[in-house]
Amino acid sequence: MQQFFTVLGGMGTLATESYVRLLDKRTPTKRDQDYLNYIVVNHATVPDRTTWILDHDNPDPNEALIEDIKQQSLLNPAFFALICNTAHYSFSKLQAATEVPILNMLQETVNEVKKIKPTAKRVGLLATKGTLAANLYDPYVEAAGYEVVRPTAEIADMTEDLIYHDIKEAGHSDGEKYHELVRKMVEEQGSDVVILGCTELSFAEEMNPETQYPVADSQSVIVDRSLEWALEMRKKTK
């Protein structure tokens, strides 16, 4: 297969399915051959990223991710889409394992904030406790000139419950809980835009879209960048 890219997924599987649905839906098509060429690596057994970040004595997810990257690099994809925010903790290490470019979900999501709300000054973050503890988004948000608004302990616990209990364990989203998290970040924490910094939250957004408050959906953003890169690749090879 020529002109393809590789999706590093499975973290978790429902979120990966959401990425693929959005990608295919947004691809301009009139026939089968208009869809994009891509390989989805749904590596569901990659150890939990948050568990490892919070305690490095737990299984290291990077070993599995680097193995996937090296295996896929032999096939020569045009680029990788790493569709797990928390896995970006080791972005530099993962990129160092290949000459194939890896889309940086965190950077692309922060870039999108200005388009969503040009007047934004305070950017809120909903994410796993691993992403929060490692301050993964903070440098990107601050470099773009925004103030980072972090969730309270209560909001962080509610977010973990939605991500791990409702979506990862039970296999469904709780729309009421999701919308309440966004509301709290805006009305109680004073965020101008809320970053959905976990692809399970992106799954929640797909199932029950937020219509009242502005959100920067990391997975939606990376879908758009994947589409742009893939279409540009196709254009260059015609």
Subject >> Tabulated pairs, region 82-106, first touching a residue at least 12 places away in the same chain (Cβ under 8 Å) and under 17 Å from D60 (Cα atoms), second assigned to a helix (DSSP H, G or I) and charged (D, E, K, R), C-beta under 7 angstrom, 6+ apart or interchain >> reply: C84/R49; T86/R49; A87/R49; Y89/R49; A97/K70
Original post:
Is there a residue being of a type outside the set (D, E, K, R) and under 26 Å from H172 (Cβ atoms) anywhere in region 25-39?
Top reply: no
**OP:** Could you check how many residues of region 18-47 are touching a residue at least 60 places away in the same chain (Cβ under 8 Å) and of a type in the set (D, E, K, R)?
**Re:** 2
**OP:** Restricting attention to region 192-216, report how many residues are within 24 Å of A170 (Cβ to Cβ) and either touching a residue at least 24 places away in the same chain (Cβ under 8 Å) or part of a helix (DSSP H, G or I) (or both).
**Re:** 16
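Limited to region 1-54, what total is found for residues that are of a type outside the set (A, V, I, L, M, F, W, C), in a helix (DSSP H, G or I) and in contact with a strand residue (DSSP E or B) (Cβ under 8 Å, 6 or more places away or on another chain)? Step through it out loud before you land on a result.
Residues of region 1-54 of a type outside the set (A, V, I, L, M, F, W, C): 2-3, 6, 9-10, 12-13, 16-19, 21, 24-35, 37-38, 42-43, 45, 47-51.
Still in the list and also in a helix (DSSP H, G or I): 13, 16-19, 21, 24-26, 32-34, 49-51.
Of the ones still in play, those that are also in contact with a strand residue (DSSP E or B) (Cβ under 8 Å, 6 or more places away or on another chain) are 13, 16, 19.
Qualifying residue count for the region: 3.
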Original post:
Are there any pairs, at least 6 apart or on different chains, whose C-beta atoms fall under 8 Å, with the first in region 129-149 and farther than 26 Å from Y164 by Cα and the second surrounded by fewer than 14 Cβ atoms within 10 Å (Cβ to Cβ), and if so, which?
Top reply: Y146/K121; E147/K121
Original post:
How many of the residues in region 150-188 are within 12 Å of E210 (Cα to Cα) and among the hydroxyl-bearing types (S, T, Y)?
Top reply: 1
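One line per residue, one yes/no per condition, for (1) touching a Gly at 6+ places or on another chain (Cβ under 9 Å); (2) among the charged types (D, E, K, R):
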{"residue": "L8", "(1), (2)": "no, no"}
{"residue": "T29", "(1), (2)": "no, no"}
{"residue": "Y35", "(1), (2)": "no, no"}
{"residue": "H43", "(1), (2)": "yes, no"}
{"residue": "P47", "(1), (2)": "no, no"}
{"residue": "H56", "(1), (2)": "no, no"}
{"residue": "E67", "(1), (2)": "no, yes"}
{"residue": "Q72", "(1), (2)": "no, no"}
Subject >> Subset of region 53-81 [surrounded by fewer than 23 Cβ atoms within 10 Å (Cβ to Cβ), in contact with a Lys or Arg (Cβ under 9 Å, 6 or more places away or on another chain) and of a type in the set (A, V, I, L, M, F, W, C)] >> reply: I53, L54, I66
**OP:** Could you name every one of the helices (runs of 4 or more DSSP H) located completely within region 82-170 that has at least 1 residues being surrounded by 22 or more Cβ atoms within 10 Å (Cβ to Cβ) and in contact with a helix residue (DSSP H, G or I) (Cβ under 7 Å, 6 or more places away or on another chain)?
**Re:** 105-116, 129-133, 138-143, 153-160
Subject >> Test set (1) out of contact with any helix residue (DSSP H, G or I) (no Cβ under 8 Å at 6 or more places or on another chain); (2) closer than 28 Å to A44 by Cα; (3) not in a helix (DSSP H, G or I) - H179 fails condition number >> reply: (3)
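FYI, it's all coordinate maths here, none of it is from the lab. Values in this document were obtained by computation on a predicted structure and should not be read as measured data. All Cβ positions, even for glycine, are placed from backbone atoms using ideal geometry, and neighbour counts span all protein chains on display.
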